[in-house]
Structures are given as structure tokens and as C-alpha cells.
Amino acid sequence: MKNRRDHLFIHGGWRWLLAPTLVLTLGCEIVPGHWRPGWNGPASSTDAQVQTAGSWSVGKLETEDHRFVGLTISGGGSRAANFGAAVMVELEQRGLLAQVDVISGVSGGTLPATYYPLLVKQGLSFNEAGVKEAMGTDFQGKWLWRWLLPHNVFRYWLTDFTRSDIMVQVFNGALYHDATFGDLPMRPKLLLNATTRNDHTRFTFTDETFQRIHSTLARYHVANAVNASSAFPGAFDDVTLEQYGMEAPRYLHLYDGGPMDNLGVQAMTEYLQRAVAGRALDDKNLFPEGCVIFVVDATPDTDNEGLAVMQSSRTTLDYFVNTNALDSVDAMLTASRTTLLKGLGFEAIDRDLSGSLRLSDRHQCRCEVRHIALRHLPYLDNQETLAGRALKISTKFQVSSEEQDDLFHAATLLVNEMEEQKLLAAPSMMPRCEITDRPRARK
């Protein structure tokens, strides 16, 4: 007589053999092989006239007060998101945030850069309590948890659904609620920056850029753009855009904007250069009453002093991504940061608060630049302890409540310092031009 184990195999084992086939079939029934959330679609015949806040255009909304105020927010995960948001709260309290015409964000800096205009559209206030709750979200923890959800498991293993697409779910659930670029208010302009993997150039999400690939930005989800800008290599997969109007399918692949410019300065510079093309910054129809760019810089201390006493550098996070790859990216970003800031007139880049951007306009004008950086903290009186903590906050998509408090405190101190030096006063923001138009002498 066969034993019970043989009996179970003969009469019930077929179910175990059939189970993988059922799972695979079920998975394919749940999702097709080609499945990416937020995939950009082809433009329709009416889309050419659709404009969003993601645009290089300069119109009445930007020029009616005759002053330009730009804001760039650097990358750096939740450290950058919270420090950038904290600086924005400080500007809001001084009446300056409402004057911002253009926000350029990179990686973690895109989180508050995109969150703020959506609040404005809803008529909600950008206050410290609400912003802390939103930017204090444990994005990383939610991402790891969502990775284990059954429908995500099926999609991840059976389709082209990626880890980045899971983060899109997190961003939508916590901040953006499936908003598209068409849901943004027209002011401030919003420039979200990524890197094109195809040719290693900067990609900025604008109407004009999408028109070139015969698509429309208005229907594109902002969470997908934020994810593309913050999809740092080693942890996230690139984000795909389809180029329509081609004989054969063509695609762009985007990832973290940091490798090209982790400060968001290049896009802001391009915006102003486009604005002054053939004209002058102090033209009566542009910005004769002032021009200033606030560069919010969450670059941390890059010294890894603790490695010298560690036999193994592997942490819990290293079981999911290789953090040494992230360190190599940080080294590249540091070098790029130095080059960009020196181009803005900063010699002592971790000490100077004020610089200027020279523009290629007919009056050879300069726009004022204000550098609000975590690396300024050691130069403030009696702030060595805070500086030591804030500059050691690692690049990840989560912060503790203590780290968040330090970042908000740092923003208050740094903006106060800038105010004490009268660098926020209107006269200090006037454009400086080397050539001025003079009336011709009568013959």
C-alpha cells in the first residue's frame, strides 16, 4: 500500500504543478506585458495650443511687476526636499514666495517645487506645519512596502513595470494625487529637470520639449516627472518617454537630473537667456525693477570619516541598493556644484551669500543670485553643533523628526542672516547693466 505522502502527490500533486502556470496566466490577465503608469501619449490636433506652467515662454504673468524672482532647489533626497521646503516657508513669511516667477527643481528638490503650486491652485496655505507633515513622509519605507503588494509583484516580474513606477505610486499617494501638468497654475512656471540617458544631456519637462516628441505635457502626471528627476542610478530605473511621429517607435530614457546639474541653475539660466534674447534685462517690458535668483543648496558634508574604522561599509539599505554607487555620484555632484557656483561669481562658494549671473543681452546685465546653503552653517556664530548634525544627514527618501527640525531651523538661521545683510531688500535686487541706452544728440 502506498504511503500517505505518495497518495497526496498522486491525488493532489497536480495542483502544485499547475500552480506556477496559473500564477503566470493570472499575472498576464491582470496586466499586459507593456505596462507603465503615466506613459506619455501622442498629441492630438488640438494639443498644440495647450500651455502649462512647464514652459520657456515669458508672458504678462512674469513681467507685469517688472521684477524677476527665480527659485532653484537642489537635489538630495528628503534632505533637499525638507530644506528646500523650509526655505520656501521662510520666503513665504516675508512675502517673497508669492513673487516667485519660476521654480527650477532637481531630484529631491522637485518634491516641494511641485507641491507648492498645487497648494496654490487649491487656495491652501504653504505653512510650516502642513509642509513638515508632507515632506516628512517616509517615502522610502512606503516604497519598500509597496514593492511587496501582490499586484506590484506581478507587474514587476511579468511586465516592464519597474521600481521607479512604484515610487510614482508613493508620490501620488502622499503628495500629488494623480495631478497632471495641466492641473498646475500658470504661475509660477515650473521647470523639472532630469538627465537623458540616450545622449547624457539635461531634459527639462516643458511644453516645447514635449512638442518635439509629438506629445503633450498637459496630460502628463507630475509625479512621473518628479520620479524621473529623482530616479538616481543604483536605486531606481530610468523613466521612458515615447517619441511619436516616427516611422518606427523611438524612446527617451530619463533618470536623476543631478549628474547634469544638481542645483537647477542651468534651466533657470536658460529661461532668462531666452527671455532677454535680442533685448535687455532692464528693458521696460522685462525686469527693470529687479532680478534675483534664490539658489537653495542642500549639499551635505561629503567626508566619510566613519569608513576608516569600519571593516564592512554595508548597511541595511545596501541589501536593496549599493550605497557606494551613490557615494560615487556624490563625488561627481560636488565637482559639478563647484563649477556652477564659480560661474555665478562665488569664489568662497561655501561662505559667500551673494553672487550674480551675467546674461548675454544687449546691455550686458547681471541678475543677482542669493545662495542659501547648508554648507554656510559652519560660518554662522555658535552653530557648530547644528552644522555637524545637518551636514551629516544622508541622501535618502526619509528623514527623522529630529533631522527635519534641524533642517527647518537651519533654513530660519540662514534666511535671517541674509536678511540682516540686507540681501533681501528690493534695492539689492536691481539688475546691474554695463551698457545703458542714452538718447541720441540732436543734429
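Computed values, structure above
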item	result
Two-decimal log10 I(q)/I(0) for region 242-298, as the Debye equation yields it once each C-alpha is a single scatterer, q = 0.18, 0.22, 0.23, 0.31 Å⁻¹	-0.80, -0.90, -0.94, -1.22
Candidate aspartates and glutamates for bridging to K284, where Cα separation is under 20 Å - those fewer than 8 sequence places away on the same chain excluded	E62, E64, D65, D101, D361, E368, E434, D437
Long-range amide H partners of L190 with built H, under 5 Å	G54, S55, I103
Cα-based equivalent ellipsoid of region 125-196: semi-axis lengths in Å, sorted from largest, via gyration tensor	27, 18, 11
Distant-in-sequence amide H partners of A43 (H built 1.01 Å from N, under 5 Å)	S215, T216
Overall Cα dimensions of region 74-113 - principal axes, largest extent first, Å	27, 17, 11
Spherically averaged projected area of the chain from its Cα convex hull (nm²)	30.1 nm²
Amide H within-cut-off set for V369, under 5 Å, with H built and near neighbours excluded	I293, G355, S356, L357
Gain upon complete extension [S125, A98; 0.36 nm per residue less C-alpha separation]	8.6 nm
Cα-projected label distance for T315 with E64, points at 7 Å along beta-carbon direction, nm	4.7 nm
Nearest-0.05 FRET efficiency for D160 and K284, computed from C-beta distance (R0 56 Å)	0.60
Phi-based couplings in Hz for region 69-79 (Karplus 6.51, -1.76, 1.60; Gly and Pro marked x)	10, x, 9, 10, 10, 6, x, x, x, 6, 4
Calculated from backbone phi, Karplus (6.51, -1.76, 1.60) coupling profile of region 278-293 in Hz, x at Gly/Pro	x, 10, 10, 4, 8, 4, 4, 9, 10, 10, x, 8, x, 8, 8, 10
Cα-Cα over 25 Å, subset of K132/K189; K342/K422; K132/K396; K189/K392; K121/K396	K189/K392; K121/K396
Net charge of neighbours whose Cβ lies under 13 Å from the Cβ of L61, counting Lys and Arg as +1 and Asp and Glu as -1	0
Cβ-derived FRET efficiency at R0 41 Å, R274 paired with T385, nearest 0.05	0.40
DSSP bridge orientation in the chain - percent antiparallel, rounded to nearest 5	50 percent
Ranked packing of 137-144, 107-114, 331-338, most packed first, by mean Cβ within 10 Å	107-114, 137-144, 331-338
Relative contact order, percent, the chain [alpha-carbon distance under 8 Å, six or more residues apart]	21 percent
Using θ = phi - 60° and Karplus 6.51 cos²θ - 1.76 cosθ + 1.60, couplings along region 394-401 (whole Hz; Gly, Pro as x)	6, 8, 7, 9, 7, 9, 7, 5
Coarse-grained scattering of region 162-257 at q = 0.14, 0.15, 0.20 Å⁻¹, given as base-10 log I(q)/I(0) from a Debye sum over alpha-carbon atoms	-0.50, -0.57, -1.02
Peptide ranges 183-193, 267-277 listed from the most packed, as the mean C-beta count within 10 angstrom indicates	183-193, 267-277
Quarter of the Cα convex hull surface for region 361-443, i.e. its orientation-mean projected area (nm²)	8.6 nm²
Relative frequency of Cα-Cα separations exceeding 23 Å in region 27-177, percent	50 percent
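FYI, it's all coordinate maths here, none of it is from the lab. Model, not experiment: these values are computed from the prediction. Counting neighbours? That spans all protein chains shown, and the Cβs are built from the backbone with ideal geometry, glycine included.
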